[in-house]
Structures are given as structure tokens and as C-alpha cells.
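Student: Here it is, the structure, as C-alpha cells.
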Amino acid sequence: MAAGPTLIGSVQRALHLLDAVGASERPVTAKALARGVGLPLPTTYHLLRTLLHEGYLRKLDDGYVLGEQVGALRKHNSLHALLPKIRPVLRALRDEVRGAAYLSLYSGGEIKLIDIVDAPELPAVDLWVGVQEAAHATAFGKCILSCLDPEARRDHLSRYRLADLTPHTITDTRVLEQRLAEGGAVFNDREEYLLGTACLATPVRAPGVVGAVAISLPARRLPAVEPVSLERASRRVSRAFALLS
């Protein structure tokens, strides 16, 4: 007879507590949770403290409710469900423009690279400097920065210095702000992140979503690229996010 899976009892008990809190329309006390899940009260308190510390629960005056981390999980799960619809759009963009395609989002106060679609003959950029640290030097970073309200943009720029990555990188905040204001619908990176490489990006627009679709390709090919393919892809991605909201 095949052996059953090895299960971690404490993880099971914590998940049962989360299920019980999530199933209740009102805050739930520790005693009620212990009775409902069938746990000793000391064990229940121990697990609740851990779940509180990690942000999966919040404690109100009259009991426990789900915390912000549960909402984050839901958001990530929704995004994972959406990726199968977005990836064909990025793949079509890659094939049409003959460059690697990217989707990036502003989430939790940070610019995050969500998906990359490339090919052996169309490789993605070697991201030798982190996306957050290099927003000023990438097309999708500048695109997202331009979409933020002034306070959020100042917050981001206050946390990450404008590092000098190539001779073409913008390192003056005033110049960057001017470029962001003048960017229009399409932003570019002309060898600002990596010599020999250029990128184009355009915003993803949907309720509650700040993001960008981008392509990268050899800098010598940039003048021949028509942004219409990129803008078409961003509209399709925007519609997918709008349906999710």
C-alpha cells in the first residue's frame, strides 16, 4: 500500500483557523475559533499570534478578521489566472516586432516585472541592475513613473538614487521629471540601461492598475520600429485587466 503524503499538522491547523475566520461574517473570538476548529485554547492563541504577526489576520476589539496578506494572495491569484490570457498578447508582440516583450506593474509601492516573453534568437535584456533601482533608466520604469501621482513618484525617487548605468542614463531628477512630462503615449530607453539595447513602453490603463507593456531590441533597430504594435498590445492587456476589476 502506498504511503500517504507527509502533512505538517501546525500548517493544517493554521489553515483551518483562516478558513474559520474567512467563513464568518463577523469578527471571531479566539474561544469561538478553538471550539469551531477543535483545538485547545493555548494552541489556538499560539497560532493566532503567528498569523497576526505575518499579516494574515487582524485583531479587532471583538475578535479576529482576515488581514491584508490574504487580500494580497487574492490579488496575486487573480493575476496568475490572468497571465494565460496576457501571455499570447506578449507573444504576438514579440513575433511582430522581433523583440522580447515585457509586462510590468506598480504594486505595493514598487515597480515589478511580472512577465517576460522572449526567444533564443530574441533574448530578454540581462537585468544586471534591479528593476526598482533602475526605473529611471528603463522604458517601462519611466512609463510607470509618469502614471503615478506626484506624491507616489517622489516617494519612489527618494528611495532609489538615479544611478549612472551608461553614458546615456538620466541622472538629474529635474531632467527626468521633464522627460516624464513630455513622454506622451510611448516612452523609450535609448541605451540608458544597457549599451547596445533600446526599449519602448506604453501604459496599461485599467481601474486600480498602473503598469506598462514594453519591448526590447538592438538599439540600431529602434528607428525602424512603429509603436502601433506596442500600443495595440497595451490596449489588449488593459482590457484584460479591466475585465478582472
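The values are calculated or read from the model by the stated rules, or taken from the named source; none is laboratory data. Remember, it's a predicted structure, so these values are computed and weren't measured experimentally. Reconstructed Cβ throughout: ideal geometry from the backbone, glycine too, with neighbour counts over all protein chains shown. Please note that ligands, DNA and RNA were not included when accessible areas were found on the heavy atoms of the full protein model with its side chains. Shrake-Rupley method; radii C 1.70, N 1.55, O 1.52, S 1.80 Å.
Student: In debye to the nearest 20, how big a dipole does the chain give about its Cα centre with +1 on each Lys and Arg Cβ and -1 on each Asp and Glu Cβ?
Tutor: Its charge dipole is roughly 680 debye.
Student: How far apart, in nanometres, would the label points at Lys31 and Glu151 be if each is projected 7 angstrom from Cα along the Cα-to-Cβ direction?
Tutor: Distance between label points: 4.2 nm.
Student: Relative to the first principal axis of the alpha-carbon coordinates of the chain, what is the inclination of helix 9-23, with its axis defined by its Cα atoms, in degrees from 0 to 90 and to the nearest 10?
Tutor: Between helix and principal axis, roughly 80 degrees.
Student: Please report the carbon-and-sulfur percent of the accessible area for the stretch 1-70; probe 1.4 Å, protein heavy atoms only, DNA, RNA and ligands left out. Could the numbers behind the result be given before it?
Tutor: Numbers: 2660 of 4850 Å².
For the stretch 1-70, the apolar C and S fraction of the accessible surface comes to 55 percent.
Student: Along the charge dipole of the chain, which of Thr29, Pro223, Thr202 sits closest to the positive end, that is, farthest toward it, with unit charges on the beta carbon of Lys, Arg, Asp and Glu (+1, +1, -1, -1)?
Tutor: Thr29
Student: Would you mind finding the longest exposed-site-free stretch of the chain, with exposed GluC sites (Glu not before Pro) meaning DSSP loop and at most 16 other Cβ atoms within 10 Å? Please report the intermediate quantities before stating the final value.
Tutor: Working: sites that count: Glu25, Glu54, Glu121, Glu133.
It runs 134-245.
Student: Also, I was wondering about something else. Arrange the residues Ile144, Ile8 by how much accessible surface each exposes, largest first, with a 1.4 angstrom probe.
Tutor: On the way: Ile144 0, Ile8 100 Å².
Largest to smallest exposure gives the sequence Ile8, Ile144.
Student: Enter the angle in degrees (range 0 to 90, nearest 10) between the Cα long axis of helix 150-159 and the first principal axis of the Cα atoms of the chain, meaning the one along which they spread out most.
Tutor: It is inclined by approximately 90 degrees.
Student: If you filter the stretch 137-245 for chymotrypsin sites (Phe, Trp or Tyr not before Pro), then keep DSSP loop positions with at most 10 other Cβ within 10 Å, what is left?
Tutor: Filter output for the stretch 137-245: empty list.
Student: Another question, then. In deg cm²/dmol and to the nearest 500, what is the mean residue ellipticity at 222 nm of the chain if only DSSP H runs of at least 4 residues count, each as -39500 (n - 2.57), divided by the residue total?
Tutor: Values: 8 runs with 112 residues, N = 245.
Calculated mean residue ellipticity at 222 nm is -14500 deg cm²/dmol.
Student: Could you work out how much longer the chain between Ala119 and Glu133 gets when fully extended? Use 0.36 nm per residue separation minus the Cα distance between them, nm to one decimal.
Tutor: Here the answer is 2.5 nm.
Student: Once a ≥ b ≥ c are taken as the square roots of the eigenvalues of the Cα gyration tensor of the stretch 24-74, is the result rounded (a/c under 1.5), prolate (a/b larger than b/c) or oblate (a/b not larger than b/c)?
Tutor: Note, shape of the stretch 24-74 comes out prolate.
Student: Which whole-number value in Å² is the accessible area per residue of the chain, probe 1.4 Å?
Tutor: Working: 13650 Å² over 245 residues.
Ligands and nucleic acids excluded, the result is 56 Å² per residue.
Student: According to a simple spin-label model (label point 7 Å from Cα along Cα-to-Cβ), what is the distance in nm between Asp172 and Arg221?
Tutor: So the two model labels end up 3.3 nm from each other.
Student: In the chain, how many lysine pairs have Cα atoms under 17 Å apart, counting only pairs 8 or more places apart or on different chains?
Tutor: Value for the chain: 4.
Student: Continuing with the same structure: Suppose each label sits 7 Å from its Cα in the direction of the beta carbon; what would the Ala163-Val11 distance come out to in nanometres?
Tutor: The two pseudo-label positions are separated by 3.4 nm.
Student: For a test of the definition: using alpha carbon positions, the gyration tensor, and the 1.5 limit on a/c, classify the chain as rounded, prolate or oblate.
Tutor: Working: a/c = 2.64, a/b = 2.07, b/c = 1.27.
Taking the square roots of the gyration eigenvalues as a ≥ b ≥ c, the chain is prolate.
Student: Given a 1.4 Å probe and the protein chains all in place, what does the accessible area of Asp189 round to, in Å² to the nearest 10?
Tutor: We get 0 Å² for Asp189.
Student: Quick check: the angle from helix 41-53's long axis to the longest principal axis of the chain, C-alpha only, nearest 10 degrees?
Tutor: Roughly 10 degrees between the two axes.
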